[in-house]
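Here the structure comes first, spelled out in structure tokens, and everything after it is commentary.
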Amino acid sequence: MTADPALVGTPHGPARVTSAGDGRAGTLVLGHGAGGGSESADLALLAAEAADAGWLVHRVDQPWRVAGKRIAPAPPRLDEAWHAVLDRLRLLDRLPGRLVLGGRSAGARVACRTAAEQGAAGVLSLAFPLHPPGKPEKSRAPELVAVPVPLVVVQGETDAMGRPEHVAAALQGRPGASVYAVPGDHSLKKNPHLVAAAAMSWLTEVLPG
């Protein structure tokens, strides 16, 4: 069952939350990337499959996206809005069971940075931008390594922001971390069904119950 999108107030304007599922398996909250909203094919397919599997799935559109702006704000503002949405959902008892935070690209970074404070049981990252294109020296690996709970990264084999083997190298020796390689680049548009299948495999078979 999919509910009508709801607006949730944040310090940076209203965010939009689109929800589906009953929550018997837990709650999955997904954020979007800097180049699009929560309607992207990979997030939409994952949300539908997770809802069918018993998760209550909330797809969050950040305030800048709701306002129609084209450029995302700095990471601290993204984190503040994300925290505000999660705190409101918690107050409304809309985060039942174990909580998994996730998203694609910039949204995955937000999930990694906020997992500890929000008490997440796991983090699901699609197309983690390990570094800006062509600038591997500007690594964002510390955000991944700092995640204190089980983590999965579903990464395109030709991702210009870090191929799967680069992500795996960054996570080497980190317990509870998984990397799934899928065909395609950072957009994950080549086979979104395989992206969703990889994410669901982790949610249902790897993530501790």
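The values are calculated or read from the model by the stated rules, or taken from the named source; none is laboratory data. These figures come from a predicted structure and were not determined experimentally. Here Cβ is always computed from backbone atoms with ideal geometry, including for glycine, and neighbour counts include all displayed protein chains. Each accessible area value is taken on the protein alone, full model and side chains, heavy atoms only, with ligands, DNA and RNA left out. Shrake-Rupley method; radii C 1.70, N 1.55, O 1.52, S 1.80 Å.
Assorted remarks:
- Applying a threshold of 9 Å to beta carbon distances and a minimum spacing of six or more residues, or different chains, the list of pairs starting in the range 3-30 at a residue that is over 22 Å from Asp52 (Cα atoms) and touching a residue at least 24 places away in the same chain (Cβ under 8 Å) and ending at one that is of a type in the set (Val, Ile, Thr) and open to solvent by 20 Å² or more (accessible area, probe 1.4 Å) reads Leu7/Val66; Gly13/Val66; Pro14/Val66; Ala15/Val66.
- Positions within the range 113-138 being surrounded by fewer than 16 Cβ atoms within 10 Å (Cβ to Cβ) and basic (Lys, Arg), in sequence order: Lys135, Lys138
Let's see how each residue does on (1) of a type outside the set (Asp, Glu); (2) surrounded by fewer than 23 Cβ atoms within 10 Å (Cβ to Cβ); (3) farther than 22 Å from His186 by Cβ; (4) out of contact with any strand residue (DSSP E or B) (no Cβ under 7 Å at 6 or more places or on another chain):
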| site | (1), (2), (3), (4) |
| --- | --- |
| Gly35 | yes, yes, no, yes |
| Ala44 | yes, yes, no, yes |
| Trp55 | yes, no, yes, no |
| Arg59 | yes, no, no, no |
| Pro63 | yes, no, yes, no |
| Ala72 | yes, yes, no, yes |
| Asp79 | no, yes, no, yes |
| Val85 | yes, no, yes, no |
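- If you go through the range 8-23 and pick out every residue that is open to solvent by 50 Å² or more (accessible area, probe 1.4 Å) and either more than 14 Å from Arg94 (Cβ to Cβ) or of a type in the set (S, T, N, Q) (or both), you end up with 5.
- Across the range 54-81, the qualifying residues are those that are among the small types (Gly, Ala, Ser) and closer than 13 Å to Gly31 by Cβ, and the one among them that is modelled with the lowest pLDDT is Ala72.
- Scan of the range 87-109 for residues that are over 18 Å from Pro132 (Cβ atoms), open to solvent by 20 Å² or more (accessible area, probe 1.4 Å) and either touching a Gly at 6+ places or on another chain (Cβ under 6 Å) or touching a residue at least 40 places away in the same chain (Cβ under 8 Å) (or both), ordered by number: Arg88, Arg94, Leu95, Pro96, Gly97, Arg98
- Tally, over the range 182-193, of residues that are open to solvent by less than 30 Å² (accessible area, probe 1.4 Å) and outside any loop (DSSP other than H, G, I, E, B): 2
Let's see how each residue does on (1) closer than 20 Å to Trp82 by Cβ; (2) open to solvent by less than 10 Å² (accessible area, probe 1.4 Å); (3) hydrophobic (A, V, I, L, M, F, W, C); (4) free of Cβ contacts under 8 Å to residues at least 24 places away in the same chain:
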{"residue": "Ala111", "(1), (2), (3), (4)": "yes, yes, yes, no"}
{"residue": "Arg140", "(1), (2), (3), (4)": "yes, no, no, no"}
{"residue": "Val147", "(1), (2), (3), (4)": "yes, yes, yes, no"}
{"residue": "Pro150", "(1), (2), (3), (4)": "yes, no, no, no"}
{"residue": "Ala169", "(1), (2), (3), (4)": "no, no, yes, yes"}
{"residue": "Arg174", "(1), (2), (3), (4)": "no, no, no, no"}
{"residue": "Tyr180", "(1), (2), (3), (4)": "no, no, no, no"}
{"residue": "Val195", "(1), (2), (3), (4)": "no, yes, yes, no"}
{"residue": "Met200", "(1), (2), (3), (4)": "no, no, yes, no"}
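- Any hit, the range 149-172, residues being farther than 22 Å from Ala53 by Cα, under 15 Å from the mean Cα position of the chain (by Cα), part of a strand (DSSP E or B) and polar (S, T, N, Q): yes
- Tally, over the range 155-167, of residues that are of a type outside the set (Lys, Arg), surrounded by 13 or more Cβ atoms within 10 Å (Cβ to Cβ) and out of contact with any Pro (no Cβ under 9 Å at 6 or more places or on another chain): 2
- Check on Leu124, modelled with pLDDT of 95 or more and touching a strand residue (DSSP E or B) at 6+ places or on another chain (Cβ under 7 Å): yes
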